[in-house]
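For reference, the structure discussed in these notes is given below.
The values are calculated or read from the model by the stated rules, or taken from the named source; none is laboratory data. Only a predicted model underlies this, so the values are computations on that prediction, with no experimental measurement involved. Counting neighbours? That spans all protein chains shown, and the Cβs are built from the backbone with ideal geometry, glycine included. Heads up: the accessible areas ignore ligands, DNA and RNA and are worked out on the full protein's heavy atoms, side chains in. Shrake-Rupley method; radii C 1.70, N 1.55, O 1.52, S 1.80 Å.
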Amino acid sequence: MSNIESILTETRLFQPSDAIKQSVAINEEMLAEMRAKASEDHVGFWSDLAKEKLVWTKPFTVGLDESNAPHYKWFTDGELNVSYNCIDRHLETKSDKTAIIFEGDQGDVERYSYKELHDQVCRFANTLTAQGIEQGDRVIIYMPMIPQAVIAMQACARIGAIHSVVFGGFSAEALRDRIENANAKLVITTNGSRRGGKTIPLKGAVDAALEKGCDHVKKVIVYRRTDDEVSMKEGRDIDWMDAEAGMSNYHDPVSVNAEHPLFLLYTSGSTGTPKGVQHSSGGYLLNAHLTNEWMFDLNDDDVFWCTADVGWITGHSYVAYGPLSVGATIVMFEGVPTYPDAGRFWQVCQDHGVTVFYTAPTAIRALMKFGADLPNQYDLSKLRLLGTVGEPINPEAWMWYHDVIGRGECPIIDTWWQTETGAHMIAPFPITPLKPGSCTQPLPGIDAAILDEEGNELGRGEGGLLVIKKPWPSMIRNVWGDDERYKSTYFPLKDLPYYVVGDSAYQDDDGYFWILGRVDDVLNVSGHRLGTMEIESALVSHHLVAEAAIVGRPHDIKGEAVAAFVVLNVDIPKGEARTALIAELRDHVAKEIGPIAKPDDIRFGTNLPKTRSGKIMRRLLRTIAKGEEITQDTSTLEDPSILEQFQKKK
Ligand code: 6R9
């Protein structure tokens, strides 16, 4: 890969306020010390933290075991229980402290103290055991965003069962693939969920998934979340409440090896069969714990709301495990950001006194469309840190989040990481000076670099493959049941034992990292490499554009042409007005970046084709841009009708 033209012109720098500097736990000096220690003694750095932050039933003596590389192992001879670390260890001092504040779709609120959470998790752990689940068995959790989902996850961890949460929006087909791949013994689900004022059935998908094959699934536990009737299969299906009846509030957490798999999480939306990303117990929990302290500065007074669903990795590390491990109060929300209106997020923040809020750029851009009036109606003064994750955040959305939601005072913690990394990898601490659109610098103990295609390290300003050079505790351990795929996907470089991320990035002169997108999202137009993100940022900076996605399509002369898919914040114009707007947008991009980046085609739609987790399905856009028929699986799309809008020529 030669020079990727660096065209992000963002140069604004935001220093932390005095209030932030004085209030947060980790100051500049401590951070510098941590960085120094990590670079001097990588394994010692992580091992000391593992001893300090986690409670071990059997202390470890081995830090990193590289004997079966690239299947790295951490703290291998140690034992612990993750649920004990998330719940029991707080009982002495925080038993009455609220662990979970739950707000349902209809505004119904429930609170669980750490003691109540403990009792519920124990009851459900006993229930799982009574249903024949043993250490190492796989359990599928297919549930909405309700506390029972976290209770189920924690109960699995307590007995050493390996859970695999499947996002409630996935189809029966996707669910079956995952049940089969994991060879699961039990499925936990609900009769339905409540979202946007409607009740949405869920159990039917489980029935359909289990119709053919899946003989390994012996039981289905059904929690009744709605009043809707649910069909129960005799001998297989059990009501959660019935199954729990008479179970004790006490359960002795099982001590497992640090490397015992805590969960599998299947990666969504990519080509091929889903990959079961396998995470460990000790190493995973360490980074989940630490990053909640480091990035979000969580302490006793905080109310932390991460809006991610537990069906995604963010909901694992920043809802179900990490914040509980540090003893924080979390908010869980069942509904959608636009019901009853687009002020819902801000109402939840106000009503529960949220201090740290963590969401995705796609949500920020969607809410930005509605302007500042809605958030301004709510008291958001308790917010002190704002986080973002999932994709690069364009500077316009960053500024809106910072100014309108964060009053110009809250640092924006832009966290780069992946399902496979388990926890944040490149992200600011609250005291880090910020540049809108950059996830800043790798965490202490994370050794990131940028390589060209031959594996040479690139200098500042040069774009290339992002890699992590040294193993870290919460890294993926395997693709479930597929060693070869693990090695070829993540360690493909000959002679270099580096974890290859699959994203391209560059470092600016200050050493800040800018993620350019997935490797396949970098275009080569007339020999110039252009990050799709940069063109998207340029389009979104036009006052009529709400969202934009750029893909490449083959072009005879230029190699690749730039195809733009645009969502406007006004009605889509017709006829001449449409032609004029297309010309205006092309000129706007030319003005922002240069004529080379001018989109060759611009198509309008009312939304972009996104997975239910909010990721733009670029491979579908590529097919449309090429004018080809869509043959790919579109079952993970939130709204498949969007595709037709973009396929229409005019
Ligand atoms: C946590 C999560 C991982 C991919 C990753 C990258 C993109 C995530 C980002 C970001 C730029 C950020 N990504 N966070 N890109 N800035 N702050 O999203 O995991 O669903 O596995 O996606 O998402 O491309 O490689 P996952």
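Here are the numbers for this structure:
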quantity: Positive-end extreme of charge dipole, the chain - chosen from 49, 400, 579 (charges on Cβ); calculated: 579
quantity: Rounded percent of accessible protein surface that carbon and sulfur make up, the chain, 1.4 Å probe; calculated: 47 percent
quantity: Per residue, in Å², the accessible surface of the range 411-546 once ligands and nucleic acids are set aside, probe 1.4 Å; calculated: 29 Å²
quantity: Computed magnitude of the charge dipole of the range 453-555 (debye, nearest 20; Cβ of K, R +1, Cβ of D, E -1); calculated: 280 debye
quantity: The range 346-365 and the range 575-628: distance between their alpha carbon centers, rounded to Å; calculated: 29 Å
quantity: Neighbourhood charge, 13 Å Cβ-Cβ cut-off, centred on residue 146 and excluding it, Lys, Arg +1 and Asp, Glu -1; calculated: -2
quantity: Bridge type composition, the chain - antiparallel percent by DSSP, nearest 5; calculated: 55 percent
quantity: Accessible surface ranking that places the most exposed of 435, 233, 574 first, with a 1.4 angstrom probe; calculated: 574, 233, 435
quantity: 536, 79, ranked by accessible area, largest first (probe 1.4 Å); calculated: 79, 536
quantity: 15 Å beta-carbon shell around residue 250, net charge (K/R +1, D/E -1); calculated: -2
quantity: Efficiency of FRET between residue 336 and residue 382 - r from beta-carbon atoms, R0 25 angstrom, step 0.05; calculated: 0.65
quantity: Computed label-point distance, nm, for sites residue 110 and residue 208 using a 7 Å Cα→Cβ extension; calculated: 2.7 nm
quantity: Residues of the range 1-120: accessible area per residue with a 1.4 Å probe, Å²; calculated: 52 Å²
quantity: Subset of 21/53; 51/435; 73/233 violating a 30 Å alpha-carbon distance limit; calculated: 51/435; 73/233
quantity: Cut-off 13 Å between beta-carbons: net charge of the residues surrounding residue 261, Lys and Arg +1, Asp and Glu -1; calculated: +1
quantity: Accessible area (Å², 1.4 Å probe, nearest 10) - residue 457; calculated: 110 Å²
quantity: Shape call, the range 325-381: gyration tensor on alpha carbons, a/c limit 1.5; calculated: prolate
quantity: Relative contact order computed over the chain (Cα-Cα under 8 Å; 6+ residues apart), in percent; calculated: 13 percent
quantity: Distant-in-sequence amide H partners of residue 256 (H built 1.01 Å from N, under 5 Å); calculated: 80, 81
quantity: Length-normalised contact order of the range 507-650 in % [C-alpha pairs under 8 Å, at least 6 apart]; calculated: 20 percent
quantity: For the chain, calculated [θ]222 nm from helices alone, where every DSSP H run of n ≥ 4 adds -39500 (n - 2.57); calculated: -8000 deg cm²/dmol
quantity: Burial order of peptide ranges 471-483, 635-647 (average beta-carbon count within 10 Å, highest first); calculated: 471-483, 635-647
quantity: Heavy-atom SASA rank of 267, 61 (probe 1.4 Å, accessible area, largest first); calculated: 61, 267
quantity: 3J(HN,Hα) from dihedral phi, the range 195-211, Karplus parametrisation 6.51/-1.76/1.60, rounded to Hz, x for glycine, proline; calculated: 9, x, x, 10, 9, 10, x, 10, 4, x, 5, 5, 4, 5, 5, 8, 4
quantity: Net dipole in debye of the chain [+1 Lys, Arg Cβ; -1 Asp, Glu Cβ; about Cα centre; nearest 20]; calculated: 1040 debye
quantity: Nonlocal amide H pairs with residue 262, under 5 Å, H built at 1.01 Å; calculated: 279, 280, 281
quantity: Cβ crowding within 10 Å averaged over residues, with 389-400, 109-120 ranked highest first; calculated: 389-400, 109-120
quantity: Farthest positive-ward along the chain dipole, Cα basis, beta-carbon charges - from 156, 588, 204; calculated: 204
